[in-house]
Amino acid sequence: MKTIRIKDGMDPLASCVATIGFFDGVHRGHQYLIEHVVAEAKASGLESTVITFDEHPRKVLQSDYIPKLLCTLDSKILLLSKTEIDNCAVLHFDKAMQSLSARDFMEKVLCNCLKVKKLIIGYDNRFGHNRSEDFDDYVRYGKELGIEVIHNPAFTLNGLKVSSSAIRRYIEGGEIEMANQCLGYSYTIAGKVVEGYHEGRKLGFPTANLDISAFGQLIPAPGVYAVKARMEGSVAEYKAMMNIGTRPTFGGKEQSQEVHIFNFDENIYGRMLSVSFLHRIREEHKFDNTSDLKMQLKKDERLVEEQFDKENQNYE
């Protein structure tokens, strides 16, 4: 896949079949749409292109808006590269682009710059200033500009229309396995390992404290999770358990994200760590004393091990 950063004054690209959207998470609904784009492109003898944005449009419209993202731009591009799409065109979304009507956007960007001959639109996608126009308008503009506009049906899973917003609701509710089914992979967050409170080490469960604030990703509901941990620049994955919460037993107030990596004792402060969620073991609880907490952590560890055993059996 070729990644293209769209800039003013650049030469037009090769004619293509395209789709457009923010594609947060590149979930199974997105993958379904992309499969149709690729198939249509091959049938038409054209290249296939995904058009996306470097910023969440709402963040540009509301400067104080903090999006809860399923993935970063870099991880989005990586996920798109695992599909059969030929090109990923990344547009810089700013006030000027936001002010374009759907008709102007289709003419200036899709037609003149990206040479889109066929535009396949997801079932719930709207674009253009204030998103005030709909599919019928896009079809009409397309006929004027020489772009065939095609509607793509929703991808459903057990009767649910898979969407980024539905996946966010699952993650916020701690329903990680449902979120993963919709994503088609394990939900993953990344952050830098920073100094923590060192309470886990005193209990025999040293943890890596993650700061994910720079990435704006959605944090799952508080609780203990079975996860896989991977250091930046490494392909090795480690079994781990993660606690998300305010550490109520120690009177904590601010939420933290702490990862206990099994059979691991390296200094990783300052390094990037990615964590993939498999299963929520339990909700967060306040314990009467640290002895009770330590006993529970040992139970949690056994349950996480059982979860990994179950996952391994599924692959045998």
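The values are calculated or read from the model by the stated rules, or taken from the named source; none is laboratory data. Quick caveat: nothing in here was measured; it's all calculated off a predicted structure. FYI the Cβ positions are ideal-geometry reconstructions off the backbone, even for glycines, and counts take in every protein chain you see.
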(message) Residues to consider are 82, 117; find the one that is closer than 21 Å to residue 5 by Cβ and either surrounded by 16 or more Cβ atoms within 10 Å (Cβ to Cβ) or not β-branched (Val, Ile, Thr) (or both).
(response) 82
(message) What are the pairs with Cβ atoms under 8 angstrom where one residue, in the range 127-156, is assigned to a helix (DSSP H, G or I) and the other, located anywhere, is surrounded by fewer than 17 Cβ atoms within 10 Å (Cβ to Cβ) and of a type outside the set (Phe, Trp, Tyr)? Sequence gap at least six, or different chains.
(response) 129/98; 129/99; 129/100; 129/101; 135/151; 142/148
(message) Scan the range 42-65 and tell me whether some residue there is under 25 Å from residue 154 (Cα atoms), at pLDDT 95 or above, out of contact with any helix residue (DSSP H, G or I) (no Cβ under 9 Å at 6 or more places or on another chain) and not hydroxyl-bearing (Ser, Thr, Tyr).
(response) yes
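Say we look at the range 220-263 and pick out the residues that are assigned to a loop (DSSP other than H, G, I, E, B) and touching a helix residue (DSSP H, G or I) at 6+ places or on another chain (Cβ under 8 Å); which of these is surrounded by the most Cβ atoms within 10 Å (Cβ to Cβ)?
Just the residues of the range 220-263 that are assigned to a loop (DSSP other than H, G, I, E, B), to begin with: 220-222, 232-237, 246-247, 251-255, 262-263.
Keeping just the survivors that are touching a helix residue (DSSP H, G or I) at 6+ places or on another chain (Cβ under 8 Å) gives 220-221, 247, 262.
Details: 220: 24, 221: 17, 247: 20, 262: 13.
Top of the filtered list is 220.
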(request) Please find, among 289, 263, the residue that is assigned by TED's automatic domain parsing to the domain that holds residue 204, under 14 Å from residue 205 (Cα atoms) and among the polar types (S, T, N, Q). (result) 263
(request) Look at the range 170-226 and say how many of its residues are closer than 24 Å to residue 297 by Cα, among the polar types (S, T, N, Q) and within 15 Å of the chain's Cα centre (by Cα). (result) 2
(request) Starting from residues that are closer than 20 Å to residue 198 by Cβ and surrounded by 14 or more Cβ atoms within 10 Å (Cβ to Cβ), keep the ones in the range 264-282 and report whichever is farthest from the chain's Cα centre (by Cα). (result) 264
(request) Could you tell me which numbered condition residue 182 fails, if it satisfies all but one of (1) touching a residue at least 40 places away in the same chain (Cβ under 8 Å); (2) crowded, with 16+ Cβ neighbours inside 10 Å; (3) not in a helix (DSSP H, G or I)? (result) (3)
(request) Give the residues of the range 23-69 that are surrounded by fewer than 15 Cβ atoms within 10 Å (Cβ to Cβ) and hydrophobic (A, V, I, L, M, F, W, C), sorted by residue number. (result) 39, 43, 61, 66
(request) Residues that are closer than 25 Å to residue 151 by Cα and under 16 Å from the mean Cα position of the chain (by Cα): find the helices (runs of 4 or more DSSP H) completely inside the range 1-106 holding 3 or more of those. (result) 28-44, 73-81
